[in-house]
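Read the structure below first, then the notes.
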Amino acid sequence: MAAAVPPDALGRRVSCGTDYGTVRYVGSVSRTAGIWLGVEWDDPQRGKHDGSYEGTQYFKCRHPKGGSFIRPNKANFGVDFLTAVKDRYGLNDKQDDQYGTGNTLVFGTKAVEFVGMDSVAEQQRQVQLNKLVDISVRECAVSHAGQEEEISRMCANMRHINLSKNLISSWETVIAIASQVQNLETFNVSENKMRFPSTSTFTSSAFSNLKILALNQTEITWTEVLLCAQGWPVLEELYLSSNNITVLERPDNVLQTLKLLDLSDNQLLDGNQLHLIAQLPRLEQLIVRNTGISSIHFPDTGFGGKTKMFPSLKRLAINDNKISQWSSINELDKLPSLRALQCSNNPFMDTEKNPETLIQLIIAKISQLEVLNNCEILPAERRGAELDYRKIFGKDWLEAGGHWNPEKNKPNEEFLAAHPRYAALCLKYGAPEEGELKGRQPLTLKNQLLTLTIKCPEKPEQKPVEKKLPESMTIQKVKGLLYRLFKIPGSDLKLSYESSKLEGKEVELDNDLKPLQFYSIESGDCVLVRW
């Protein structure tokens, strides 16, 4: 007997084994008997053709080999939401016997019928379902909501639902499920290629309490996001990765409560697209990983100013992009609230071969940064990075018109554009002196040697000693050297240093694995040894 084809089969999502696709044609095919389904497969390798057979085009595919015909009995059109929940959590009719709810029991040779046991089993199932708060029916072939109000009757306490990778064909189905879950807070409907409304429809109250929504790999456009967002009044986190979103539009009167937005793996037209979402007042985290952007610019303010764009943005991920110029990193210092940045795998990082120097440059360029590529920036690390930056570009500063006399200090626009924080660093640490303007010298041993005075402040009988040490020498090796010098176990030594640049301050050398240059020690500084 041929399998029945649902009346709304056209456009429905189906699965066949482990493969997913969309029904693009229902009907006969020339020189064959019976009904066929023309399916466009998500994985083009599953298909055989572009929807045509023996010269007749039955349906169209985006990929020339993305389609094929299958018989209806090979297609799984899915189940309703509640059936999937019962199956996943072992609460369907097949489990009734384990609760002892058969209608008839046999005592000896006498069968006794228990009237009403079906209703007892139903009550037990309902009690179990009502306990569920966090539900996952990922890959359970859910295609529709089921009977009206059945979900709200059976699953009254649900708050978090994972409905990813199912057979949802339209946003209306998502609304039909959500509208029955009164306190829904988290909803993941990713990996469901569905149809979204193309015009403004009535606003449903289905998502009135929704805080987190994932729509990754659903083929939604930004225009459709804004239309649907009218029904997300308190949404805080929105995940939209891998949706072929290329252009953005300004979200007027929607998404105003959003704190996190993930646009990863969408090839945006350019970095200026971000300006269109820059006025979201509460946005704290923006993820634009692998979006193809090549530059970032905030044109509303100049060097050293703070932009009015992204006023609340604390965490930004721009890794795996095409940013090639350091000017984009300079621009990030304009963000008033930025505290954490991920920027790995961008071409600008290839301009500096030394990874330590690369990190120092980024830290020095962005004043308020506290976390870089998931690593906390310690105060000593920031101080070292800023002091080194000030020295490395000191010669460029002088050549551009910089001067130790504030009245004569007039670096040109080109230098200020390349190093917008340089003036602030000079105010913080003082202008670099001529003796420390090392520029980018060749890394010869001579250039790397530091002349340091070593003192034991608590042992006046020990006379100060002058030593030349490589700036790449780790604190652990320095301790080993001092052990041989003072005959004290290295593990018992506590090191710090004083510098004329940091009057009255003593900086601890507290990480044995870091080199001297990490702490920005310079020739003429004094290392203090205690034990």
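The values are calculated or read from the model by the stated rules, or taken from the named source; none is laboratory data. Treat the numbers as computed from the prediction; the structure is a model and nothing was measured. Neighbour counts are summed over all protein chains in view; Cβ atoms, including those assigned to glycine, are modelled from backbone coordinates with ideal geometry. Ligands, DNA and RNA are stripped out before the accessible areas are found, and what is left, the full protein with its side chains, is counted by its heavy atoms. Shrake-Rupley method; radii C 1.70, N 1.55, O 1.52, S 1.80 Å.
Suppose every Lys and Arg Cβ carries +1 and every Asp and Glu Cβ carries -1, with no other charges. What dipole size does the stretch 12-74 come out with about its Cα centre, to the nearest 20 debye?
The calculated dipole for the stretch 12-74 is roughly 100 debye.
Quick one: in the stretch 449-530, what % of C-alpha pairs are over 15 Å apart?
Beyond 15 Å sits 52 percent of the P(r) for the stretch 449-530.
Rule-of-thumb check for the chain: C-alpha Rg over 2.2 N^0.38 Å?
1.40
So if I place +1 on the C-beta of Lys and Arg and -1 on the C-beta of Asp and Glu, and nothing else carries charge, what would the dipole magnitude of the chain be about its Cα centre? I want it in debye, nearest 20.
Taking the Cα centre of the chain as origin, the dipole is about 1020 debye.
Could you compute the net charge surrounding K308? Neighbours are other residues with a C-beta less than 12 Å from the C-beta of K308; K and R count +1, D and E count -1.
+1
Probe radius 1.4 Å, ligands and nucleic acids left out: which of K165, K74, K479 has the largest accessible area, and how do the rest follow?
Descending order: K74, K165, K479.
With a sphere of radius 13 Å drawn around the Cβ of G292, what net charge do the other residues whose Cβ falls strictly inside it have (Lys, Arg +1; Asp, Glu -1)?
Charge balance near G292 sits at -1.
So what J values fall out for the stretch 239-256 if you push phi through Karplus, 6.51 cos²θ - 1.76 cosθ + 1.60 with θ = phi - 60°, rounded to Hz, Gly and Pro as x?
Once rounded to whole Hz, the list reads 10, 10, 6, 6, 10, 6, 6, 10, 10, 10, 10, 5, x, 8, 6, 9, 6, 6.
Compute the angle between helix 475-486 and the longest alpha-carbon principal axis of the chain, please, reported from 0 to 90 degrees and rounded to the nearest 10.
Helix 475-486 and the main axis of the chain meet at about 40 degrees.
Quick one: which of K395/K501; K353/K468; K314/K410; K60/K165; K365/K410 span more than 29 angstrom between C-alpha atoms?
K314/K410
Would you mind counting up the charge near A145? Only other residues with Cβ under 13 Å from its Cβ, with Lys and Arg at +1 and Asp and Glu at -1.
Taking every Cβ under 13 Å from that of A145, the sum is -4.
May I ask for the angle, rounded to the nearest 10°, between helix 355-365 and the longest principal axis of the chain, with both axes built from Cα atoms and the value confined to 0 to 90°?
90
Counting helices only, and only those DSSP H runs with n ≥ 4, report the 222 nm mean residue ellipticity of the chain as the sum of -39,500 (n - 2.57) divided by its residues, in deg cm²/dmol to the nearest 500.
-5500 deg cm²/dmol
So how far apart, in nm, are the two label points at D300 and H63 if each is 7 Å from Cα heading toward Cβ?
4.3
Give me the aspartates and glutamates in straight-line cross-link reach of K455: C-alpha distance below 18 Å, same-chain residues under 8 apart excluded.
Qualifying aspartates and glutamates at Cα under 18 Å: E466, D492, E498, E503, E506, E508, D510, E522, D525.
Determine the percent antiparallel among the DSSP beta bridges restricted to the chain, to the nearest 5.
55
With every protein chain kept in the model, how would you rank S152, S15 by accessible area, 1.4 Å probe, largest at the top?
So the residues, ranked largest to smallest area, are S152, S15.
Going by amide H atoms built from the backbone, whose H comes under 5 Å of the H on S496, apart from near neighbours?
L509, L528
Give the cross-link partners of K131 among the lysines, using a straight C-alpha distance below 23 Å as the criterion and excluding same-chain residues fewer than 8 apart.
Within reach: K86, K94, K211.
Could you rank K334, K193, K487 by how accessible they are, 1.4 Å probe, largest area first?
Largest accessible area first, the residues go K487, K193, K334.
May I ask you to list the aspartates and glutamates whose Cα is less than 14 Å away from that of K322, ignoring any residue fewer than eight positions away on the same chain?
Filter leaves D265, D270, D350.
Provide, as a two-decimal number, the C-alpha radius of gyration of the stretch 12-74 over 2.2 N^0.38 Å, N being how many residues it has.
Compactness ratio reported: 1.00.
Which of A385, I177, V14 sits farthest toward the positive end of the charge dipole of the chain, with +1 on the Cβ of Lys and Arg and -1 on the Cβ of Asp and Glu?
It is A385, whose Cα lies furthest towards the positive end.
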